[in-house]
Amino acid sequence: MPIDAAYCVCTTEKTKTRVQMSGKFKHNLRLHDVKNADPSKRHLNEILIGDDSIRDVFNLSMEEARQNDRENKYKNYIDYAEETKWMVENATGRKVRKDAVLEIEVVLTYSHTKEDAISIDDWKKANVEWVKRYFGEENVISAVLHQDEATPHIHVMVTPIDRESGQPKFNAKKWLGGRALMAQMQTDYAKAMEQFGLRR
């Protein structure tokens, strides 16, 4: 392996609780201070996928954005979870399990050494295309590009709804259920990133 090899990175985290969802929303929209983020670069962040209510969040000061959040002007990850739970329960006539994975956070980035060699516009487009294809476009509720830290990265939130049986159901195992599926996801993502000279 060459010493200057550049890698693509895809990590996932299951989200089950309102506390987790609230924390991820505030982090992704920079509604609180982030240790490694440069506030002067806030305006470089971008909503790639998301509700119209949050489109201008990075054009506002953090305090203005916080005030909007306090006034419930933003559609947040809890709102999406509640909507999706209602949809599933209405379709199936059954309550969603209390321990169900309601959302998956996917973080996408690459080696810091490649930052100057990659077109951010092309990279973010390729990532949005990949998450929509891999998890299903209807399941991808949010994608936020951060450029206020050392290396650009994208936080994606996915509602893991399996529609193959005809009735929608929460089924995170379809994508994250075991080492083989996780390996398959890494391989699939790496293939999508080959065009940027990145490898798994």
With the cut-off at 1.5 for a/c, could you classify segment 4-67 from its C-alpha gyration tensor as rounded, prolate or oblate? oblate
Please state the shape class of the chain: rounded when a/c is under 1.5, otherwise prolate if a/b exceeds b/c and oblate if not, all from the C-alpha gyration tensor. oblate
Please state the relative contact order of segment 105-177 as a whole percent: Cα pairs under 8 Å, 6+ residues apart? 32
For segment 135-168 and segment 12-31, write down the distance between their C-alpha centroids in whole Å. 13
Here, GluC sites (Glu not before Pro) of segment 125-177 satisfying both criteria (DSSP loop; at most 10 other Cβ within 10 Å) are E164
Mind ranking W86, W175 by accessible surface for me, highest first, 1.4 Å probe? W86, W175
With an 8 Å cut-off on Cα pairs and a minimum separation of 6 or more residues, tell me the relative contact order of the chain in percent. 31
Solvent exposure ordering (accessible area, 1.4 Å, most first) of I154, I78: I78, I154
With the cut-off at 1.5 for a/c, could you classify segment 130-200 from its C-alpha gyration tensor as rounded, prolate or oblate? oblate
Residue separation times 0.36 nm, minus the C-alpha to C-alpha distance between K95 and E82: what's the value? 3.5 nm
Using the heavy atoms of the protein chains and a 1.4 angstrom probe, tell me the accessible area per residue for the chain in square angstrom. 54
To the nearest 10 Å², what's T187's accessible area with a 1.4 Å probe? 50
For the chain, which whole percent of the accessible surface, found with a 1.4 angstrom probe, sits on carbon and sulfur atoms? 48
Accessible-area ranking of D116, D121, largest first, probe 1.4 Å: D116, D121
Expected unfolding gain across A150-E71 under the 0.36 nm per residue rule, minus the alpha-carbon gap, is 25.3 nm
For V34, what accessible area in Å² do you get when you roll a 1.4 Å probe over the heavy atoms of the protein chains, rounding to the nearest 10? 20
Within the set of other residues whose C-beta is less than 12 Å from the C-beta of K14, count the net charge using Lys and Arg as +1 and Asp and Glu as -1. -1
Please give the net charge around A172, taking every other residue with its beta carbon less than 12 angstrom from that of A172, where Lys and Arg add +1 and Asp and Glu add -1. +1
Over the heavy atoms of S165, what accessible area does a 1.4 Å probe trace out, to the nearest 10 Å²? 90
Summing Lys, Arg as +1 and Asp, Glu as -1, what charge do residues with Cβ under 11 Å from the Cβ of A190 carry, A190 excluded? +1
Would you compute, from DSSP H runs of 4+ residues alone, the mean residue ellipticity of the chain at 222 nm, taking -39500 (n - 2.57) per run and dividing by the full residue count, rounded to the nearest 500? -11000 deg cm²/dmol
Using DSSP to define loop residues, name the trypsin sites (Lys or Arg not before Pro) in segment 53-141 whose beta-carbon has at most 14 other beta-carbon atoms within 10 Å. R55, K73, R94, K95, R97, K98
What value does segment 87-166 have for Rg/Rh, both radii from Cα atoms and Rh as Kirkwood defines it? 1.11
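The values are calculated or read from the model by the stated rules, or taken from the named source; none is laboratory data. Predicted model only: the values in this text are computed from it and were never measured. Note that we place each Cβ from the backbone using ideal geometry, even for glycine, and neighbour counts take in every protein chain shown. Areas reflect the complete protein model, heavy atoms only, side chains present, ligands, DNA and RNA absent. Shrake-Rupley method; radii C 1.70, N 1.55, O 1.52, S 1.80 Å.
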